[in-house]
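Notes follow the structure.
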Amino acid sequence: MRLQYSPEIRIILIPCTGRVDILHLLKAFEGGADAVFVAGCLEGECHYLTGNIQARKRVAKLKKDFEQMGLEPERLEMFNLSAAEGARFAAIAQEMAERAYKLGPSPVKPEQRKAWLAAQAQASAG
Amino acid sequence: MFIRFDLENKPKVEQAADGGLQVTVLDHILGLPVVLRPDLLTLASAVVPNPTEELGELFKVSRNAEGFFNEAHAKLRPVDFASDGIFLAGLAHYPKPIDESIAQAKAAAGRAATFLAQDMVQVGGVVAVVDPEKCAVCLTCVRTCPFNVPVIDYKVDAAYIDPAKCQGCGVCVSECPGKAIQLKHFTDSQILAQELALAAG
């Protein structure tokens with residue numbers, strides 16, 4: 001298909017989204033990621049029966065906690081798609097990359113964020 | 001000769017001018033009607049599957065929309081199910097003639113024999129392992145495992161996960177509040193190391 005999506009996307013392979021721990025998601029942000037998405041199987045079609053349901057719960061919980069932590073909840077998202085939906089995966093990857101650009105560097109990286117905000121202000125003023 | 005028809009263009013059976021049978025069917029490759037003059041017309045009765053929902057759920061094997069069982073792969077594993085050690089043959093699979101059913105049953109028996117002939121069965125390395133030192137016997141893994149694999153081993157007062165039964169999904173690993181379970185090849189330290197390395201790059 002040779003579909004294109006942003007080269008900033010980094011993929012980490014796991015056997016099932018059920019393996020995704022809240023700790024992993026938090027650590028990705030701590031490491032400097034501006035947005036993270038969890039791509040799981042369609043609901044009801046989990047090869048391991050309920051893994052994606054567990055992951056959905058964890059992602060939803062963390063999104064809620066993000067508001068208190070001062071992070072935009074849009075930086076984290078879970079998507080459900082089948083292995084046959086390559087085009088949709090590329091579209092989702094692209095959407096998350098665009099979201100990250102729109103939201104700018106995450107508040108976890110205060111210096112980068114400050115520089116980005118200053119640049120944004122300058123661009124809108126100029 | 002086999003001519004496929006679709007439901008919009010069903011074959012027409014008529015009495016010909018000379019009193020014989022005439023079947024007109026649209027050939028989907030030619031795109032033209034084909035007229036046949038048979039001596040005898042036999043209709044195959046419909047084959048509907050037995051109620052398979054309960055059986056399918058019990059053995060965790062997939063079924064298609066009609067209720068027939070699905071093989072693991074139509075070309076590469078035609079008599080296997082996706083789950084190890086379960087095989088299928090005959091009308092449970094799809095409507096087929098008796099000779100095909102017998103051939104498939106022989107194939108299924110052969111596949112079962114290859115499995116049974118092994119002195120030892122190797123299992124995948126991606127399995128969850130409990131650290132008995134950290135396990136608080138909270139039963140979280142017992143409750144969350146979609147395959148009901150974890151059990152409590154009272155000899156060591158910790159959960160035990162049979163590596164031969166573990167499917168390796170990692171749900172228990174992420175749910176364990178004491179971080180007493182690790183999924184081999186996907187341990188927390190491995191995943192975090194990947195994340196930090198990628199985020200830094």
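Inspect segment A:34-48 for any residue being aliphatic (A, V, I, L, M) and at the interface with another protein chain (Cβ under 7 Å from one of its Cβ atoms) and give the result as yes or no.
The first filter runs over segment A:34-48 and keeps only residues aliphatic (A, V, I, L, M), leaving A:35-36, A:38-39, A:42.
Among the residues that remain, those that are also at the interface with another protein chain (Cβ under 7 Å from one of its Cβ atoms) are: none.
Within segment A:34-48, none of the residues are aliphatic (A, V, I, L, M) and at the interface with another protein chain (Cβ under 7 Å from one of its Cβ atoms).
Applying the criterion of being touching a residue at least 12 places away in the same chain (Cβ under 8 Å) and among the acidic types (Asp, Glu) to the residues of segment B:51-83, the residue that is surrounded by the most Cβ atoms within 10 Å (Cβ to Cβ) is B:GLU71. Taking the numbered list (1) more than 10 Å from every other protein chain (Cβ to nearest Cβ); (2) within 20 Å of A:TYR48 (Cα to Cα) in turn, B:GLY168 passes all entries but (1).
If you filter segment B:89-125 down to residues that are among the hydrophobic types (A, V, I, L, M, F, W, C) and touching a residue at least 24 places away in the same chain (Cβ under 8 Å), you find that the one that is surrounded by the most Cβ atoms within 10 Å (Cβ to Cβ) is B:ALA108.
Number of residues in segment A:102-126 that are touching a residue at least 24 places away in the same chain (Cβ under 8 Å) and assigned to a helix (DSSP H, G or I) equals 1. In segment A:11-30, is there at least one residue being surrounded by fewer than 17 Cβ atoms within 10 Å (Cβ to Cβ) and more than 14 Å from chain B (Cβ to nearest Cβ)? No, there is no match, as no residue in segment A:11-30 is surrounded by fewer than 17 Cβ atoms within 10 Å (Cβ to Cβ) and more than 14 Å from chain B (Cβ to nearest Cβ). Restricted to segment A:67-76, and to residues there that are modelled with pLDDT of 95 or more and part of a helix (DSSP H, G or I), the residue that is surrounded by the most Cβ atoms within 10 Å (Cβ to Cβ) is A:ARG75.
Of all residues in segment B:148-170, count the ones that are assigned to a loop (DSSP other than H, G, I, E, B) and surrounded by fewer than 17 Cβ atoms within 10 Å (Cβ to Cβ).
Start the filter on segment B:148-170 by keeping residues that are assigned to a loop (DSSP other than H, G, I, E, B), which leaves B:148-150, B:154-157, B:161-170.
Filter again for surrounded by fewer than 17 Cβ atoms within 10 Å (Cβ to Cβ), leaving B:148, B:154-157, B:162-165.
Summing the residues that are assigned to a loop (DSSP other than H, G, I, E, B) and surrounded by fewer than 17 Cβ atoms within 10 Å (Cβ to Cβ) in segment B:148-170 gives 9.
Residues of segment B:173-189 that are facing chain A (nearest Cβ under 10 Å) and either within 13 Å of B:VAL126 (Cα to Cα) or not in a helix (DSSP H, G or I) (or both): B:VAL173, B:CYS176, B:LYS179, B:LEU183, B:HIS185, B:PHE186. Among the residues making up segment B:171-194, a single one is among the hydroxyl-bearing types (Ser, Thr, Tyr), within 29 Å of the chain's Cα centre (by Cα) and farther than 18 Å from A:THR50 by Cβ: B:THR187.
Hey, could you check segment B:171-182 for residues that are touching a strand residue (DSSP E or B) at 6+ places or on another chain (Cβ under 7 Å) and aliphatic (A, V, I, L, M) and say which is surrounded by the most Cβ atoms within 10 Å (Cβ to Cβ)? Steps first, please.
From segment B:171-182, those touching a strand residue (DSSP E or B) at 6+ places or on another chain (Cβ under 7 Å) are B:172-173, B:180-182; that's our starting set.
Imposing the further condition that a residue be aliphatic (A, V, I, L, M) reduces the set to B:173, B:180-181.
Details: B:VAL173: 27, B:ALA180: 22, B:ILE181: 25.
The residue in question is B:VAL173.
The residue that is nearest to B:VAL171 (Cα to Cα), among those in segment A:40-49 that are out of contact with any Lys or Arg (no Cβ under 8 Å at 6 or more places or on another chain) and surrounded by 19 or more Cβ atoms within 10 Å (Cβ to Cβ), is A:TYR48. In summary, A:GLY70 fulfils each of the numbered conditions (1) in contact (Cβ under 8 Å) with a residue 12 or more places away in the chain; (2) within 19 Å of B:ILE181 (Cα to Cα) with the single exception of condition (2).
The values are calculated or read from the model by the stated rules, or taken from the named source; none is laboratory data. Since the model is a prediction, treat every value here as computed from it, not as a measurement. No Cβ is skipped: glycine too gets one built from the backbone with ideal geometry, and neighbour counts run over all protein chains shown.
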